[in-house]
Amino acid sequence: MRHSLTLALAAAAMFALLSGSASAQSFEGRKKCSSCHKSQAESWGQTAHAKAMDSLKPNTKAEAKKKAKLDPKKDYTKDKDCVGCHVDGWGKEGGYTVEDPNKFTTGVGCESCHGPGAKYRGIHRKAGAAFEKSKKSAPRSTLAEAGQDFAFEESCNACHLNYEGSGWKGTKKPYTPFTPQVDKKYTFNFDKYVKDTKAMHEHYKLDGTFEGDPKFKYHDDFQSTAKVGEKGSED
């Protein structure tokens with residue numbers, strides 16, 4: 001009986017492990033996003049978020065590092081207390097690792113804001129193909145159900161407000177050394193900076209593939225002035 005119970009518990013544990021792996025959200029890297037969203041990707045490539053890892057290299061942002069009591073000569077690109085806020089998916093399935101760095105998860109890219117794309121990217125692709133063929137829109141809710149984040153303010157707060165006294169409820173070590181006490185320019189206001197194309201990227205007209213809620217709270221504002229961009233094609 002004891003042996004049977006042990007086998008049953010082991011089987012249950014293995015099932016739970018495999019089920020968890022199957023349902024886990026996985027990061028894919030921005031290459032797959034960029035293959036279709038070409039203009040957004042090119043615009044993002046010029047932003048501060050795209051160059052986030054560069055700021056951890058030796059002798060970069062030297063004055064800012066000195067103010068924050070960091071050594072400007074040190075290479076922080078492998079410092080696990082720092083890297084997480086400069087890459088996509090740190091500590092998560094498919095995300096950036098120091099041991100095996102992936103250039104397509106280096107920098108704060110698509111999935112840092114929109115969520116890990118393994119499940120919803122296929123929905124984008126299929127719905128896009130259907131829209132091109134018949135002009136029939138798909139419900140945006142299917143993307144949210146597959147893990148796409150339409151709010152993402154908390155993702156930004158997790159880095160920009162992760163210091164004691166910030167007022168953000170999720171603060172935990174390791175804290176960011178770049179605080180408003182070090183320099184007022186580090187005062188973070190999501191509603192202001194999410195509109196800064198030097199930090200994020202330019203917005204381009206969406207073709208109507210998806211409709212309905214949920215939508216990012218500035219979706220309509222952004223679309224009202226959005227440019228017509230260039231589409232790529234997934235290989």
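Quick notes on this one:
- Segment 133-187: trypsin sites (Lys or Arg not before Pro) falling in loop per DSSP and having at most 12 other Cβ within 10 Å: 135, 136, 169, 172
- In nm, spacing of pseudo-spin labels at residue 228 and residue 151 (7 Å Cα→C-beta vector): 3.6 nm
- Shape call, the chain: gyration tensor on alpha carbons, a/c limit 1.5: oblate
- With the charge dipole of the chain set up from +1 on Lys and Arg Cβ and -1 on Asp and Glu Cβ about the Cα centre, the Cα lying farthest toward the positive end among the listed residues 166, 117, 131 is that of 166.
- The phi-based Karplus calculation (6.51 cos²θ - 1.76 cosθ + 1.60; θ = phi - 60°) puts the 3J(HN,Hα) values of segment 80-88 at 5, 7, 10, 4, x, 8, 10, 9, 9 Hz, whole numbers, x for Gly and Pro.
- Note on residue 196/residue 93: beta-carbon distance plugged into 1/(1 + (r/R0)^6) with R0 of 35 Å gives a FRET efficiency of 0.70.
- Amide H contacts under 5 Å for residue 210, placed H, 5+ residues apart: 138
- Potential lengthening between residue 61 and residue 215 on full extension [0.36 nm per residue; Cα-Cα distance subtracted]: 51.8 nm
- For the chain, complete DSSP H runs whose alpha carbons reach 20 Å or more along their own long axis and whose mean Kyte-Doolittle score is -0.5 or higher are 2-23.
- Put the Cα centre of segment 38-89 next to the Cα centre of segment 140-164 and the gap is 21 Å.
- Nearest-20 debye value, segment 85-235 charge dipole, Cβ charges on Lys, Arg, Asp, Glu: 240 debye
Readers should treat all values here as calculations from the given coordinates under stated rules, not as data from a laboratory. Values in this document were obtained by computation on a predicted structure and should not be read as measured data. Every residue, glycine as well, gets a Cβ built from its backbone with ideal geometry; the counts of neighbours run over all protein chains shown.
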